Amino acid sequence: MKIAFVGKGGSGKTTLSSLFIRHLAATGAPVIAVDADINQHLGAALGLDEAEAAALPAMGDRLPLIKDYLRGSNPRIASAETMIKTTPPGEGSRLLRVRENNPVYDACARPVELDGGAVRLMVTGPFTDADLGVACYHSKTGAVELCLNHLVDGPDEYVVVDMTAGSDSFASGMFTRFDMTFLVAEPTRKGVSVYRQYKEYARDFGVELRVVGNKVQGPDDLDFLRAEVGEDLLVTVGHSDWVRAMEKGRPPRFDLLEDTNRQALSTLQTAADATYGRRDWERYTRQMVHFHVKNAQSWGNERTGADLAAQVDPGFMLGESVTQLA
């Protein structure tokens, strides 16, 4: 299952996504965790110290390798240089599986031990001095989108992405790449404004969106969220001494997390797992092609000097039954 955590800056989405990743790891499930937020705090939230987090390989720096591997023997892609963030797979493309080892994971993923379990952590990488004033952050997240376009995952496998804050997720088609999107909202007007914006943008794309109320301190906060987001409110999370200790760099054993918060994480997993039966690979592939053609016409053709719409394989549909051909 592919799961995104979104929300306004400071809402607690990185903390919630890290708790969910820890929860999944504790169940023994295979997990790929991806930090696609401009602030790059997921590694620290998963217990890495500053030096370890800084040493994580940036996906954006390894984009040529990623493109070359995923291209495989796809005859519709003349060269890896003509691949852009939205390039879809086709006959001959190499696909990514959650449980496998491959050159992309070797280059970009690092294992993180979590209370006896382990997850693969991948990061887009931070802004560098060379980026300042000349690049937008979506040039970094393009590597994530390309990998998601070529990823085939099954039940009881999880890819959890900590997305960039606010509605910036809509600067690409990546918001359609998930089985479930959890929007973390505080019980404030600003907190729910991102929810309204996200729901409006996602309305025509079949995005599964549920709200996780964070920093909820009492019945009044709960009533506010229920009134503002209605049935989209899935669960709420309150104060956590465990989280406070984690933020100080001294997390207790994960099984000491408060029972109410452990139950909240189980509710998130149940909601995500329930989307598996509603998967529509045809729509998923169609949306992937839609955004690729849109990006090709907007900037991709001019930048690469190629007709990128010709990369679309009309007879190809991504799905669990697709055989790796390259």
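The values are calculated or read from the model by the stated rules, or taken from the named source; none is laboratory data. A quick note: this is a predicted structure, and the numbers were derived from the prediction, not measured. When we count neighbours, we look across all protein chains shown, and the Cβ atoms used for this are built from the backbone with ideal geometry, even at glycine. Side chains are part of the model used for accessible areas, which takes the heavy atoms of the whole protein and leaves out ligands, DNA and RNA. Shrake-Rupley method; radii C 1.70, N 1.55, O 1.52, S 1.80 Å.
Other residues within the sphere of radius under 13 Å centred on the Cβ of A55, judged by their own Cβ, net out at -3 (K and R +1, D and E -1). Computed over the chain, the per-residue total of -39500 (n - 2.57) for DSSP H runs of n ≥ 4 gives a 222 nm mean residue ellipticity of -10500 deg cm²/dmol, rounded to 500. Kirkwood Rh over Cα pairs of region 17-118 into Stokes-Einstein at 25 °C, 0.890 mPa s: D in µm²/s? For these conditions, the coefficient is 160 µm²/s. Computed in the context of the full set of protein chains, the accessible area of region 169-276 at 1.4 Å probe radius has 46% of its extent on carbon or sulfur. A protection proxy built from the mean count of other Cβ atoms within 10 Å ranks the segments 267-280, 103-116, most packed first, as 103-116, 267-280. Entry comment: accessible area of the chain is 44 Å² per residue, from protein heavy atoms only and a probe of 1.4 Å. Cross-link list K2/K294; K199/K294; K13/K248; K13/K294; K190/K248; K2/K67: which exceed 19 angstrom alpha carbon to alpha carbon? Check vs 19 Å cut-off fails for K2/K294; K199/K294; K13/K294; K190/K248; K2/K67. Taking region 173-231, how much of its Cα-Cα pair set, in percent, is spaced more than 18 angstrom apart? The answer is 32 percent, as a whole percent. Considering all different alpha carbon pairs of the chain, the Kirkwood hydrodynamic radius works out to 20.2 Å.
Restricted to Cα atoms, region 189-269 shows a radius of gyration and a Dmax of 14.7, 43 angstrom.
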